[in-house]
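Working notes for the structure below.
The values are calculated or read from the model by the stated rules, or taken from the named source; none is laboratory data. These figures come from a predicted structure and were not determined experimentally. Neighbour counts are summed over all protein chains in view; Cβ atoms, including those assigned to glycine, are modelled from backbone coordinates with ideal geometry. Just so you know, the surface numbers come from the protein's heavy atoms only, side chains and all, with ligands and any DNA or RNA stripped out. Shrake-Rupley method; radii C 1.70, N 1.55, O 1.52, S 1.80 Å.
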Amino acid sequence: MNKELDFVKDMFDSIAPRYDFLNHLLSMRQDTVWRTQMVRAAALQKGSRVLDVACGTCDVALEVNYQTRGSSQIFGLDFSFGMLRLGKEKLMKMKNENISLLNADALNLPFKHQIFDAVFIAFGIRNIIDRQRAVTAFCKALKNGGRLAVLELTTPEKGFFRSLYLLYFQRILPLIGSFFSKHHNAYTYLPESVLKFPPPIEFSKIMRQAGFENIRFKQMTFGIVTLFIGTKP
Ligand SMILES: C[S@@+](CC[C@H](N)C(=O)[O-])C[C@H]1O[C@@H](n2cnc3c(N)ncnc32)[C@H](O)[C@@H]1O
């Protein structure tokens with residue numbers, strides 16, 4: 001693994017115990033609304049086979065399970081053992097047996113090609129440096145007609161809201177994040193990684209080059225989050 005990858009993995013391992021709490025606090029609970037909309041947008045059928053890449057503490061996987069009323073076979077994959085452990089505890093508390101967890105890298109998916117009806121990745125793609133390679137791997141893992149849904153933090157493009165958002169994101173959020181997580185770098189890395197993420201049009205091109213079609217994106221909450229959907233032809 002390279003240095004940046006090690007940094008991201010160690011960071012998530014160490015913030016894992018406070019991750020869910022801080023997610024809800026820093027997003028003012030909008031994170032749950034965004035994940036619900038993401039899963040809904042994939043229009044899953046009953047009995048789907050689904051992969052949640054960078055699943056963290058399993059919130060997307062659990063939302064898939066909820067929306068498909070327990071009929072789906074769901075795999076959650078993440079390279080941070082700390083995040084998966086928290087996810088596993090949640091699944092055990094809920095006695096959930098539909099979600100299987102794997103400790104693996106998004107760039108080396110341990111699955112055969114063409115086996116998933118949908119692949120999700122929420123707030124994970126910006127941490128992956130070689131996004132083109134990752135999205136191409138997701139496309140290979142999908143059946144023809146399968147959907148990729150990507151949810152990612154983005155930066156509002158212009159206006160007063162952009163200035164307000166940057167003030168919150170670059171000055172206030174790192175203070176709150178480091179106070180509760182006791183990890184200063186993590187909540188400084190967060191705004192830096194979001195600002196480096198390409199504008200929605202550019203990320204859509206990556207999806208197209210990976211082989212997706214009917215690519216759409218929807219900016220939510222004044223553009224601080226964008227949901228991308230594409231279909232494998
Ligand atoms: C911000 S969290 C998002 C977790 C979850 N999807 C959610 O909606 O809350 C990002 C997750 O991506 C994982 N991650 C980052 N890069 C990864 C990679 N190359 N392979 C697997 N997991 C990765 C991290 O370990 C972390 O759990």
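With an a/c value of 1.5 or above and a/b not larger than b/c for the gyration tensor axes a ≥ b ≥ c computed over the alpha-carbon atoms, the stretch 1-52 is described as oblate. Placing dummy labels 7 Å off each Cα toward the beta-carbon, the span from His24 to Tyr66 is 1.1 nm. A cut-off under 15 angstrom between Cβ atoms defines the neighbours of Ser178, and their net charge, with Lys, Arg +1 and Asp, Glu -1, is +2. With an a/c value under 1.5 for the gyration tensor axes a ≥ b ≥ c computed over the alpha-carbon atoms, the stretch 7-131 is described as rounded. The simple spin-label model puts a point 7 Å past each Cα toward its Cβ; for Arg49 and Val33 those points are separated by 3.6 nm.
Straight-distance candidates among the lysines for linking to Lys88, with alpha-carbon spacing under 26 Å and chain neighbours fewer than 8 residues away dropped: Lys9, Lys46, Lys112, Lys182. Computed over protein heavy atoms with a 1.4 Å probe, the accessible surface of the stretch 87-233 works out to 51 Å² per residue. Taking every C-alpha pair closer than 8 Å and separated by at least 6 residues, the mean separation divided by the residue count of the stretch 90-213 gives a relative contact order of 26 percent.
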